[in-house]
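Structure first, then comments.
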Amino acid sequence: MIRRERTIHVVLLLSLLVLLHGCAVNKATATVDQTTDLSALKMFHVKKYSKDTRDTNVLIENKLTEMGFHISGTETEVDAIVTYVDKWWWDITMYMLELTITLRDPGSDFPLATGHSLHTSLTRKSPEGMVDEVLTNIFFSDEKRGADSDK
Amino acid sequence: MKFLLIFSSVMRSEEQIVINSHLRFLAACAMITLLAGCASPASRQELVVEETSFGTRHPYSVFVIAGGGGETDATGYTNISNEDLEGAIKESIIKSGLFSSVAKTHDADYKLSVNLVSMSKPMFGLSFTIDMEMSWSLVNTKTGAAVMRESIKSSHTTGGGEAFAAVTRIRMAVERAAEKNIRQGLQKIAGLPLN
């Protein structure tokens, strides 16, 4: 009987281990195109994601303002248009699983720079923390991978 | 007394059956979770454009660099690594002869930068559609002029009958969408009047 109970506990622990295995994943990357001069970008317009119901655009605007940039309510006469995709997940409570922010050329829609962060449940960050991480990586990280890696 | 012994024996065997079935159920759950989460990265070979020629051969060397990709966790989503994206673009250029050579260092006539900007990640369904966007820029290293700046979007759907496992159908859709993107990008470069 004791042996049987021990077996049950081992199987339960293994099941829990398998279920929790993917729960602590962190990823944060940023790439800037070789033709982009980030220092020339001063004025942004944040375009609200059509599926965003949590006003992540406001968090991005606030963070950009805090970083010293200017925000415009329209797409005209800006240096870049900011688009984003936020993905939320549920684990006891809702949390932001992934955030991708892209700075685009206002004329051609060309992606000038992109940042992406992913934090699964056990290493979850607040939405403000996610926005901060992505924008900081785009503008200040020295570990950007891609066309700008030699910049 | 004899009745009690028989009753106790029957109860014990029923209890054992219930516990065994619970054990089997838990083992099956663990196995399903393991199998369902076994995502594999996109294969470099599947991203290579098998085009003999784009009808153009630019007499210049090109240096290629790719970014925006990432590693694939076993329990995560299929992704394309930067190394595989870069390698597939280089191999596609060599196979098609689009440029006279692919340089290993920055010392080339042109520098091609390709960044994976976004990729949709459907989770459930029989068929999976992957939408992908990559930024392509080509710079003349001598003049520093950008001769191409394009946002290229591609998409591919794998049907439910194309593979048994969902993770395989997702990987196939990612590979095909990336291959289409590389094909479009190289076709655009083939149409450029480089000098």
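Quick note: the coordinates plus some simple rules give every number you see, no bench work behind them. No experiment lies behind these values; they were computed from the predicted model shown. A quick note on method: Cβ atoms are made from the backbone with ideal geometry, for glycine too, and the neighbour counts reach across all protein chains shown.
Structure above, values below:
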item: 29 Å Cα-Cα threshold exceeded, pairs from A:K63/B:K104; A:K47/B:K121; A:K48/B:K153; A:K48/B:K142; result: A:K63/B:K104; A:K48/B:K142
item: Charge context of A:E98, other residues only, Cβ under 9 angstrom, K/R +1, D/E -1; result: +2
item: Qualifying GluC sites (Glu not before Pro) for segment A:26-75 [loop in DSSP, other Cβ within 10 Å: at most 14]; result: A:E75
item: Global form of segment B:40-190, assessed from the alpha-carbon gyration tensor, a/c cut-off 1.5; result: prolate
item: Shape call, segment B:131-195: gyration tensor on alpha carbons, a/c limit 1.5; result: prolate
item: Aspartates and glutamates with Cα under 17 Å of B:K95, excluding same-chain neighbours fewer than 8 positions away; result: B:E46, B:E50, B:E51, B:D84, B:E86, B:E179
